[in-house]
Amino acid sequence: QKVAADTYDYHVVWARRGADGTYEERGALHDDEGAGEHGFCSWLTLPDGRQLTLWLDGRATREGGPMQVRSRLVEADGSLGPDLLVDERACDCCPTTLCLLGDGSVLAAWRDRGEDEVRDIALARWTADGGWTAPFSVHEDGWRIPGCPVNGPVLACNGDRVALAWFTLGQDEAPRIWVAMSEDGGEAFGEPLRVDGGSALGQLDLAWSGEGRLAVSWHEDSLEDTVPGGAAWRARVVHPVLGDPVDVAATSGGRGDGRARLLGLDEGWVLVWSEDAVPRTLTAALLGAPAP
């Protein structure tokens, strides 16, 4: 919700549905009610009915400080827990992500921002008893960029099996999309697997299907073999075996293509994206499942 004149002066505002089915606005999710960026919120339901939230918070930027990652619990009765700092220095506008593990703990991921402007991916774990751990890294890309690429990571959990996908240019400025997997609830991740075709734009998503397969989707530019001079939404099965990439739909290759979302079904997935046209429309494609 916009709160002041500057482009990035907005808050994360939430509402709660009452017994009559209508929604009552509860105000800002965060304690800070001043101007500045507050957004890119991730939100999930815990097994006990509470909600865990995570967002980018610009309260420190008003004094020249960095963007923060903060979190808050919404209790079952709608009351708010403490407004907690998870990371004191993060990338300014890359989306955050949360996933729920089989034991009720939660993993979070976001794009970090080092003092030297290296913007690799950071993770943290939340437990009901211990709260948030210190941020940790899965892979050192060494991507140094003096600005925000608006290209966040994605987590997907299936019991204790965790997948993390992210976009990077690395130290050599070559675009890549990596997928790393953990079999022990994110305690340890294997070596990342590269899944793109060499000209990735990012804006990825990741989802498990009901039969235990994992797929990743992303935006890819200059696919001369299939989309001459343009770009496309692509998808690929990653687990249990690496499948071939599939071109789902041609795109303009510009910022207006947005970000497609991948949803796991009992068998296969559905990919949903916004057409860069007037009027804008949502389009969906069924992937990796028997024809209806």
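Computed quantities for the displayed model
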{"read-out": "Selection within region 1-31 - in a loop (DSSP other than H, G, I, E, B), out of contact with any His (no Cβ under 7 Å at 6 or more places or on another chain) and either of a type outside the set (Ser, Thr, Tyr) or on the phi > 0 side of the Ramachandran plot (or both)", "value": "Ala4, Ala5, Asp6, Asp9, Gly18, Ala19, Asp20, Gly21, Leu29, Asp31"}
{"read-out": "Elements of type strands (runs of 3 or more DSSP E) in region 187-280, at least 3 residues being open to solvent by 20 Å² or more (accessible area, probe 1.4 Å)", "value": "200-208, 231-239, 246-251, 261-264, 269-274"}
{"read-out": "Region 112-169, residues that are touching a Gly at 6+ places or on another chain (Cβ under 8 Å) and at positive phi", "value": "Gly142, Gly159"}
{"read-out": "Complete set of residues in region 138-148 that are part of a loop (DSSP other than H, G, I, E, B) and either open to solvent by 30 Å² or more (accessible area, probe 1.4 Å) or at pLDDT below 95 (or both)", "value": "Val138, His139, Glu140, Ile145, Pro146, Gly147, Cys148"}
{"read-out": "Residue within region 75-85 that is open to solvent by less than 30 Å² (accessible area, probe 1.4 Å), out of contact with any Leu (no Cβ under 7 Å at 6 or more places or on another chain) and at positive phi present", "value": "yes"}
{"read-out": "Every residue from region 51-71 that is in a loop (DSSP other than H, G, I, E, B) and open to solvent by 50 Å² or more (accessible area, probe 1.4 Å)", "value": "Gly64"}
{"read-out": "Lone qualifier among Asp77, Asp103, Asp116, Asp92 - being in a loop (DSSP other than H, G, I, E, B) and in contact (Cβ under 8 Å) with a residue 60 or more places away in the chain", "value": "Asp103"}
{"read-out": "Residues of region 31-79 satisfying the condition of being touching a Pro at 6+ places or on another chain (Cβ under 8 Å) and basic (Lys, Arg)", "value": "Arg72"}
{"read-out": "Which listed residue, of Arg125, Arg113, Arg119, is more than 18 Å from Val162 (Cβ to Cβ) and open to solvent by 20 Å² or more (accessible area, probe 1.4 Å)", "value": "Arg113"}
{"read-out": "Pairs with Cβ under 8 Å, 6+ apart, first in region 261-281 and touching a residue at least 24 places away in the same chain (Cβ under 8 Å) and among the charged types (D, E, K, R), second open to solvent by less than 100 Å² (accessible area, probe 1.4 Å) and part of a strand (DSSP E or B)", "value": "Arg261/Asp205; Arg261/Leu271; Arg261/Val272; Arg261/Trp273; Asp276/Thr251"}
{"read-out": "Selection from region 154-183 of residues that are in contact with a Phe, Trp or Tyr (Cβ under 7 Å, 6 or more places away or on another chain), surrounded by 23 or more Cβ atoms within 10 Å (Cβ to Cβ) and farther than 18 Å from Val237 by Cβ", "value": "Trp166, Thr168"}
{"read-out": "Residues within region 1-23 that are in contact (Cβ under 8 Å) with a residue 24 or more places away in the chain and of a type in the set (Gly, Ala, Ser), tallied", "value": "1"}
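The values are calculated or read from the model by the stated rules, or taken from the named source; none is laboratory data. Source: prediction; values computed, not measured. Note that we place each Cβ from the backbone using ideal geometry, even for glycine, and neighbour counts take in every protein chain shown. Just the protein is used for accessible areas: all its heavy atoms, side chains included, with ligands, DNA and RNA removed. Shrake-Rupley method; radii C 1.70, N 1.55, O 1.52, S 1.80 Å.
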